[in-house]
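> First the structure, then my questions, so here it is.
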């Protein structure tokens, strides 16, 4: 009688293929992202929502790594988790203490948010269906600063400038809001 | 007797498998390919090093503090109290890990782990010597900066989940301090990156083959040192846990091993920021005669020594002084430094 292991071990390469491992990693990342996103939307406590958002953003960073874009992944963590989420948490902490009751859901708010997200979903879906997904001719794993810098200032110069424009608008907005608050306080 | 319970069974099967199927070795080699072996060994080494480093630093801190205050410090356990930190660690391990009733339980339990994670990740790219580096990523420096954000989130969660006003205040202070001091760190590191033209740790060190960046960029080095001391919540900047006013800040409610994890993270962070400083400004593993690893550790521990001495010599800054220092002194200075560096490089080349 041939033992079971003697059959299994030589056939392991056929049993576990690298594509499958990659697929498993992909679905794991997708799962983490979706779980984070769902808890960011449906949980009642705002601090849990923001933690869900952080998990989702880490999932997206994982997707970038899966797609061989280390730079984007690290920037995703540095900017979205490190700067944006922390400022949101900071703002939240300055608001409601933990022992207060969870706020109730307002029906109008729910409807409005569902409407907006459906519209955005429709937009994205139409974009996804229109885009022909072709495999790239070659995959680059050249993520040195020189390459990234060259690309930012040549091929993606316009996008780069647009983003800085958005940032300028945000800064002006922040100054206006903070300045008005100060003025009102000093008038009182 | 069934074949499974035979101890030599697996071995015979393996040899049979190899004889019958040469493809098996190919597969096994791929599966345990170099990368995975390096990753596993690297992780084990990191965990061992983190523990030993923390124990050594706690002893150093006890002794330095003692001698600065003209007392012998710990003397009882082992030679000159050498085993005291080991005993402390053992005590913390067996101590009951209390969970106060009013806390938000899942987050309270998760916080120490979240604080400790970036430590493990940062060690991956630290260049201990020319060859002793777990992964020499192209964006190594960026990896450390990106994951240091996780540390803040952990502190925030700890402070919030503890449901204690001192903890929450400590966490809030920690965040505003971190937001303020992350900018000068990034800017001063940038001026070195501009000179070395790379974010890869090995290339950053290699760029200092002839002359250390500390000599060319003294201002950036000082800014980086001050700001990283603030980031690790060490004493002139330990507002988040100022024991005089906040009990212990964000880890007031923690005890046992969970408290130890916070401590382990703090001492490891001290090592990490000093190691990054050595990589950026003090030529990493470069040095005459002695092997690279010894030079690297020597430089790092001299820096750590300075940080510890600073803790016991300087008084704590007030919170507004802390913010003024970051926003009105360090950030403008580092911006100007970056500008001048870029200009000079363009003019020289």
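> Take the eigenvalues of the Cα gyration tensor for chain B, scale each by 5, and report the square roots as semi-axes in whole Å, largest first.
The three semi-axes for chain B are 37, 31, 21 Å.
> What's the FRET efficiency of residue A:28 with residue B:71 using the Cβ-Cβ distance as r and R₀ = 41 Å, to the nearest 0.05?
Efficiency computed from Cβ-Cβ geometry: 0.15.
> Bin all alpha-carbon pair distances of segment B:88-216 at 5 Å intervals from 0 and give each bin's fraction as a whole percent.
Result returned by the calculation: 2, 10, 14, 16, 16, 13, 10, 9, 7, 4, 1, 0.
> Obtain the nm distance between the two label points defined at residue A:144 and residue B:52 by a simple spin-label model: each point lies 7 Å from its Cα along the Cα-to-C-beta direction.
Calculated label separation equals 3.5 nm.
> Calculated FRET efficiency, residue B:323 and residue A:164, Cβ-Cβ r, R0 25 Å, to nearest 0.05?
Efficiency at R0 = 25 Å is approximately 0.45.
> Taking a label point 7 Å from the Cα of residue B:131 along the Cα→Cβ vector, which residues of segment B:266-292 have an amide N closer than 15 Å to it?
It comes to B:291-292, nothing else.
> Right, next: Could you work out how far the C-alpha centroid of segment B:181-209 sits from that of segment B:78-129, in angstrom?
If we compute the Cα centre of each part, the gap is 30 Å.
> Let me ask something else about it. Pick from B:64, B:294, B:306: which residue has the top mean-square fluctuation in a GNM of chain B where Cα pairs under 10 Å get a spring?
It is B:306.
> Any idea what Rg and Dmax come out to for segment B:201-349 if you just take the C-alpha atoms, in Å?
In order Rg, Dmax, the Cα atoms of segment B:201-349 give 17.8, 57 Å.
> Would you please state which residues of segment B:185-227 a label at residue A:157 would reach in this model, taking the label point 7 Å out along Cα→Cβ and a backbone N cut-off of under 18 Å?
none
> Using Cα springs under 10 Å in a Gaussian network model of chain B, which residue among B:336, B:207, B:54 shows the largest mean-square fluctuation?
Comparing B:336, B:207, B:54 in a Gaussian network model of chain B, the most mobile one is B:336.
> Along the Cα→Cβ direction, 7 angstrom out, place labels at residue B:98 and residue B:294. What is the inter-label distance in nm?
4.8
> Peptide B:135-144: average number of partner chain Cβ atoms within 10 Å per residue?
Average neighbour count from other chains, rounded to a whole number: 4.
> What full-extension length gain, to one decimal in nm, is calculated for residue B:176 and residue B:309 as 0.36 nm per residue of separation minus the Cα-Cα distance?
Going from the current span to full extension adds 45.3 nm.
Coordinate-derived values only; no laboratory data. For clarity, every value in this text was computed on a predicted model and none was experimentally measured. Positions of Cβ are generated from backbone atoms using ideal geometry, with glycine treated the same way; all protein chains shown enter the neighbour counts.
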